[in-house]
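This structure is in structure tokens; I'll ask about it shortly.
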Amino acid sequence: MIDQAILLLVVGPTAVGKTEVCLNLAKKFKTEIVSCDSRQFYRELELGTAKPSPEELAEVPHHFINSLSIQDPYDVRQFEQEAIALLGRLFAKHRVVIMTGGSGLFADAVVNGLDEMPEVPPAIRLQIIQEYEEKGLEFLQNEVQAKDPEYYAVVDQKNPQRLMRALEIWKGTGKKFSSFRVKKKKERPFKVVKIGLERSRDELYSRIDLRMDRMIEKGLFEEAKLFYPQRDLNALQTVGYSEIFGFLAGEYDQEEAIRLLKRNSRRYAKRQLTWFKKDQEINWFSPEDQEGIMSFLATQMD
């Protein structure tokens, strides 16, 4: 059955409506869902990562949600290896498996494999870590934006690990990190069918703002406060938490924190779309167009 296996990849920006679409598809195909959303791996982070609800998780088997602790070191290469091994097991039971999320790098790792990056001397890595600790995230952002604007346009700009990695490559080789992303595709033992979900910008931004209001009502500030002592962990360097950490540190008031939460979530969605729109293999639909999605998938099942 493995040569007929189909990985149905459903992508799109935050708050577009991926969860509902994927639940419906999983029920139709009687299959399971693999998350490639790196923000949802961590079991401690509930409100700020917009995971499916416990009821939704119970409807269909999900994988890679609540699979890690924020203390666990983890990277995209580990995810590629573990996801490919998992898909091998799932395809023994199901012809179609659904993978979904907004983390373009993690989705790409499973679909195409990762590019080989050059080794960088440890001394360079230590130097960059020291500079980050002394000068902060804004220093990393400015450096990567200046040295590698192509990568800066698509990277999670709140993630210091990815920014430091780009600087490591630049300082170690004199070449841009983006220049090594040659997209040499690995052969996979399954067919990939890609669906993208999109809405008008006004509708998407309205949904992002509304969802953030609901997160705050449910206790997002209280949740972030619990993690404030651990705020330097990589898992917490993400939209939805870092803005509140600034408020807790006394850098601005709560009203400004809420404004930043909404603004940065909209910017995150824009970066996600920039990443996905470059992939010509993605077929775009409105999340409400269930009939159109199913008609398209019917043509891909041979």
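Read-outs: derived from the displayed coordinates by stated rules, not from any lab. Computed from a predicted model, the values in this text were never measured in an experiment. Here the Cβ is made from the backbone with ideal geometry for all residues, glycine too, and neighbour counts use every protein chain on show.
Once you sort the root eigenvalues of the Cα gyration tensor of the chain as a ≥ b ≥ c, which label holds: rounded (a/c under 1.5), prolate (a/b larger than b/c) or oblate (the other case)? Present the calculation step by step, with values, prior to reporting the outcome.
Details: a/c = 1.76, a/b = 1.25, b/c = 1.41.
Because a/c hits 1.5 or more and a/b fails to exceed b/c, the chain counts as oblate.
Counting other C-beta atoms within 10 Å, and keeping those with at most 14, which DSSP coil trypsin sites (Lys or Arg not before Pro) do you find in the stretch 251-284? Let's see the in-between values first.
Working: sites: R259, K262, R263, R266, R267, K270, R271, K277, K278; in loops: K278.
Listed in order of number, the matching sites are K278.
So, one more: Which order do K194, K93 fall in if you start with the one that has the fewest other Cβ atoms within 10 Å? Please report the intermediate quantities before stating the final value.
Numbers: K194 20, K93 11.
Least to most surrounded, the residues fall as K93, K194.
So what is the relative contact order for the chain, in percent, with contacts set as C-alpha pairs under 8 Å and at least six apart? Intermediate values should be presented prior to the final figure.
On the way: 405 pairs, mean separation 83.5, N = 302.
So the answer I get is 28 percent.
Okay, next question. Quick one: longest stretch of the chain between exposed loop GluC sites (Glu not before Pro), exposed meaning at most 13 other C-beta atoms within 10 Å and loop per DSSP? Write out the running numbers ahead of the final one.
Details: sites that count: E116, E119, E187, E251, E281, E288.
No qualifying site falls inside 1-115, the longest such stretch.
Relative contact order, percent, of the stretch 122-180 when contacts are C-alpha pairs under 8 Å separated by at least 6 residues?
Details: 49 pairs, mean separation 20.4, N = 59.
Across the stretch 122-180, relative contact order equals 35 percent.
Okay, moving on. What does the helix-only formula give at 222 nm for the chain: each DSSP H stretch with n ≥ 4 adding -39500 (n - 2.57), the total divided by the residues, and the result rounded to the nearest 500 deg cm²/dmol?
-15500 deg cm²/dmol
Which one, L297, L57, V10, is farthest towards the positive end of the dipole of the chain when Lys and Arg carry +1 and Asp and Glu -1 on their Cβ?
The residue sitting most towards the positive pole is L297.
Counting Lys and Arg as +1 and Asp and Glu as -1, each charge on the Cβ, what is the dipole of the stretch 122-180 about the Cα centre in debye, to the nearest 20?
With Lys and Arg at +1 and Asp and Glu at -1, about 220 debye.
I would also like to ask the following. Counting alpha carbon pairs within less than 8 Å and at least 6 residues apart, what relative contact order, in whole percent, applies to the stretch 20-76?
Working: 55 pairs, mean separation 24.9, N = 57.
For the stretch 20-76, the relative contact order is 44 percent.
Once the mean 1/r over all distinct Cα pairs of the stretch 19-172 is inverted, what Kirkwood radius in angstroms do you read off?
For the stretch 19-172, the Kirkwood estimate is 17.4 Å.
Another question, if that's okay. Name the residue farthest towards the positive end of the dipole of the stretch 122-180 from the options F177, N159, Q127, assuming +1 on Cβ of Lys and Arg, -1 on Cβ of Asp and Glu, about the Cα centre.
The listed residue farthest towards the positive side: F177.
Using the crude model of +1 on Lys and Arg Cβ and -1 on Asp and Glu Cβ, and no other charge, please compute the dipole size for the chain relative to its Cα centre, in debye to 20. It would help to have the intermediate numbers written out before the result.
Numbers: 45 positive and 47 negative charges, 178 e Å.
So the dipole magnitude of the chain works out to roughly 860 debye.
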